[in-house]
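Student: One structure follows; several queries about it will come next.
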Amino acid sequence: MPKVKIDGVEIEVPAGITVLQACELAGVEIPRFCYHERLSIAGNCRMCLVEVKPGPPKPQASCALPVADKQEIFTKTPVVQKARNGVMEFLLINHPLDCPICDQGGECDLQDQAMAYGFDRSRYHENKRAVPDKELGPLVKTSMNRCIHCTRCIRFATEVAGVEELGATGRGESMEVTTYVEHALSTELSGNLVDLCPVGALTSKPYAFEARSWELTKTESIDVLDALGSNIRVDTRGAQVMRVLPRLNDDVNEEWISDKTRHAIDGLRHQRLDRPYVRKGGKLVEATWDEAFGAIAAKLKGMDGAKIAAIAGDQCDAESMVALKDLMTALGSPNVDCRQDGAKLDGPRGSYIFNAGVRGIDSADAILLIGSNPRTESPVLNARIRKRYLHGHCAIGSIGPVADLTYPVERLGAGPATLRELVDGKLGFFEKLKAAKNPLIIVGMGAVAREDGAAVLAMARELAEKLNAVREDWNGFAVLHTAAARVGGLDLGLVPGEGGRDVAGILAGCEKGEIGAVYLLATDEIDTKRLGKAFVIYQGHHGDAGAHRADVILPGAAYTEKPGTYVNTEGRVQLGRRAGYPPGDAREDWSILRALSERLGKTLSYDTLAQVRSRLVSVNKVFAAIDQQAPGAWGPFGKAGATTDAAFVSAVANFYMTCPISRASRTMADCMASRAHLMAAE
């Protein structure tokens, strides 16, 4: 490891890093605009100048200069200070003086560094240049007069998002960052451009002129709009969620979030359930909590537990699911399920989690996708696969839907027949998987949420074992979920008990009159027409499909309005925190179930959130390890049998509308409209 002196202090640094990174390790801050640790080096803003000996007697860009042994680096000399002041003066020649109306104001790198390295006046009196704004779609607002040509946005679009749609035209003062042909950005990660822009050239269009950063209360939480469990920060003003930003977590989402995670939050303000309702005379009418509980108690009184069923939705927190399971057990009902899409997942923990972990993608040297389109099912995870592809020496194959995943994929086939051939070693890709040290098999919901899902799962397990992909130092069997609540529900045992019915059985029972009452806990993705004449209790936060069919509505809290425990697709237990309070009479979901249990004469054994979380740990010890990926036990799962010829179809047909929150979002509707031609082509 090379030894270098930084401002007279000698330190040892890893070989191959840059001078800028070495300075950061030494605790010396180096100003920069174009450099970003997750993007390639551009070296075009020149703000990070330092003096280096031995070397030419002039300041050098530290972001592009490799560290060498016995190097001396000077970051505070008069030469360096003068050079940085000069660079800042150049950057501000054409920058407009519009900080008071710029949405970046208060959290702008240019403002901060101008304070440290700028002058209080300019020596330039020429007219500032004017650049036309660009139309990048409904999420990114442009003010290109402010652009300092750092090219972060271009590099992100090309390298991380994988859409080569941004670039630069012209030279010098005539240079412009543009899409060449004007159109909306065709990536599910476009909101990250706003975070990357160090000035106010790219800002959030839905958030434009809404608030200043110092007005907002900031709450660290977890996203539930897909199963990745991206770490987010929820910014609120009063009771209203103003914006969602990513938090750094290298194990999960690095520092990116999807456009749905970031911008579907306006759906939290529309179509909300804020009071109980009871159906009378065929119409839902407002009611008190006592009246709603009374209607439920009257209907369930004396009803056989076998005629009662419960389904947990895709965004439920673990606290509400364990309360639902305990209540159904108390009522004598074995008809409980958390797999509203019908996924055939009920084996040991290793059969339904992303065992390698999201970070494990970085170590994979051959990847097989089965029935999955990760670009729509989990865009941030898809960007991680693209990152692995860019590092080279990783074959990627797919059995399933045809899609542009932003990286080359060897398409092997469409359905179970192809998977069977691969397992039998009849396809050339088998040898690539066999030769890989760390093969990764990613099974999507499109492969297991079908009638022959158990047989497909059994084949995937057989393939993993044939490839020696499951061993002590590596588990390459990975299930990519689309529902934030799914792994937590399976961990808590929300699957049919002995003699119980799954979702398909519950719906069939409702049609035949064998099920008399159904409890829908934020369940909106089932065919509610099949509920027949059953008495339907809906507990949730939006007036979506489940609420329309309900006989009693109990208003719950959305994910930003309650503390909750969620388990992501890799089995990592994470805590969401309350950023605001639910509207009107709505309450936290577990507390509603606790109050209802008392009214039904089946009082649950916990009264506080701490007691509910103790109950979680008693049911499954994985809930004791917060922010850790508990390993999954491996054993027999799936069920060998006949498969159909039907091709695998992605579980997410429309990325922008997958849940009640995103369906209520006007921003997501605008995104759909802007990409209608692309979605039609797909």
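Student: Mind counting the residues in region 53-69 that are open to solvent by 50 Å² or more (accessible area, probe 1.4 Å) and in a loop (DSSP other than H, G, I, E, B)?
Tutor: So the count comes out to 5.
Student: Sticking with this structure for a sec: Just need a number here: residues in region 18-33 that are assigned to a loop (DSSP other than H, G, I, E, B) and either at positive phi or crowded, with 16+ Cβ neighbours inside 10 Å (or both).
Tutor: Here the count works out to 7.
Student: Has region 99-107 got at least one residue that is more than 30 Å from TRP256 (Cα to Cα) and open to solvent by 60 Å² or more (accessible area, probe 1.4 Å)?
Tutor: no
Student: Could you check region 604-626 and list, in sequence order, the residues that are assigned to a loop (DSSP other than H, G, I, E, B) and surrounded by fewer than 14 Cβ atoms within 10 Å (Cβ to Cβ)?
Tutor: SER605, ASP607, THR608, ALA625
Student: Among residues belonging to region 396-407 that are under 22 Å from SER363 (Cα atoms) and under 23 Å from the mean Cα position of the chain (by Cα), point out the one that is surrounded by the fewest Cβ atoms within 10 Å (Cβ to Cβ).
Tutor: Restricting to residues being under 22 Å from SER363 (Cα atoms) and under 23 Å from the mean Cα position of the chain (by Cα), the top hit is TYR407.
Student: Right, here's the next one. Give region 345-370 a look and list any residue that's part of a helix (DSSP H, G or I) and among the small types (Gly, Ala, Ser), or say none.
Tutor: Scanning region 345-370 gives GLY350, SER351, GLY360, SER363.
Student: Within region 70-95, take every residue that is part of a loop (DSSP other than H, G, I, E, B) and over 42 Å from the mean Cα position of the chain (by Cα) and give me the one that is surrounded by the fewest Cβ atoms within 10 Å (Cβ to Cβ).
Tutor: Per the stated criteria, the residue is LYS70.
Student: Mind checking which pairs have a first residue in region 93-116 that is within 15 Å of ALA201 (Cβ to Cβ) and of a type in the set (A, V, I, L, M, F, W, C) and a second that is part of a helix (DSSP H, G or I) and open to solvent by 30 Å² or more (accessible area, probe 1.4 Å), Cβ under 7 Å, 6 or more apart or different chains?
Tutor: From residues that are within 15 Å of ALA201 (Cβ to Cβ) and of a type in the set (A, V, I, L, M, F, W, C), the pairs are CYS99/GLN111.
Student: Out of all the residues in region 192-209, is one or more under 13 Å from the mean Cα position of the chain (by Cα) and either open to solvent by 10 Å² or more (accessible area, probe 1.4 Å) or not basic (Lys, Arg) (or both)? Let's see the steps before the verdict.
Tutor: Let us first name the residues in region 192-209 that are under 13 Å from the mean Cα position of the chain (by Cα), namely 192.
Still in the list and also either open to solvent by 10 Å² or more (accessible area, probe 1.4 Å) or not basic (Lys, Arg) (or both): 192.
Looking through region 192-209, at least one residue is under 13 Å from the mean Cα position of the chain (by Cα) and either open to solvent by 10 Å² or more (accessible area, probe 1.4 Å) or not basic (Lys, Arg) (or both).
Student: Same structure again: Residue under question is ALA630, and the condition is that it be open to solvent by 70 Å² or more (accessible area, probe 1.4 Å) and either of a type outside the set (Phe, Trp, Tyr) or under 24 Å from SER378 (Cα atoms) (or both); does it hold?
Tutor: Taking the combined requirement at face value, the residue does not satisfy it.
Student: In addition: Does region 418-439 hold any residues that are open to solvent by less than 60 Å² (accessible area, probe 1.4 Å), touching a residue at least 60 places away in the same chain (Cβ under 8 Å) and more than 27 Å from VAL380 (Cα to Cα), and which are they?
Tutor: none
Student: A further question follows. Which of the residues that make up region 375-390 are touching a residue at least 24 places away in the same chain (Cβ under 8 Å), surrounded by fewer than 21 Cβ atoms within 10 Å (Cβ to Cβ) and of a type outside the set (Lys, Arg)?
Tutor: The one that is touching a residue at least 24 places away in the same chain (Cβ under 8 Å), surrounded by fewer than 21 Cβ atoms within 10 Å (Cβ to Cβ) and of a type outside the set (Lys, Arg): LEU390.
Student: Here's a follow-up. I need the full set of residues from region 38-52 which are open to solvent by less than 70 Å² (accessible area, probe 1.4 Å) and touching a Cys at 6+ places or on another chain (Cβ under 7 Å), in order please.
Tutor: Passing the criteria: ALA42, GLY43, ASN44, CYS45, CYS48.
Student: Show the residue pairs meeting these rules: Cβ distance below 9 Å; 6+ apart or different chains; first residue within region 314-343 and over 20 Å from LEU554 (Cα atoms); second residue charged (D, E, K, R) and in a helix (DSSP H, G or I).
Tutor: Correct list of pairs: SER333/LYS307; ASN335/LYS307; ARG339/ARG486; ASP341/ARG486; ALA343/ARG486.
Student: Test VAL617 against the stated conditions and say whether it is within 23 Å of HIS481 (Cβ to Cβ), of a type outside the set (D, E, K, R) and without any contact (Cβ under 8 Å) to a residue 24 or more places away in the chain.
Tutor: yes
The values are calculated or read from the model by the stated rules, or taken from the named source; none is laboratory data. Keep in mind the model is a prediction, meaning the values are calculated, not measured. Using ideal geometry, Cβ is built from the backbone for each residue, glycine included, and neighbour counts are taken over all protein chains shown. Keep in mind that these areas ignore ligands, DNA and RNA; they rest on the heavy atoms of the full protein, side chains included. Shrake-Rupley method; radii C 1.70, N 1.55, O 1.52, S 1.80 Å.
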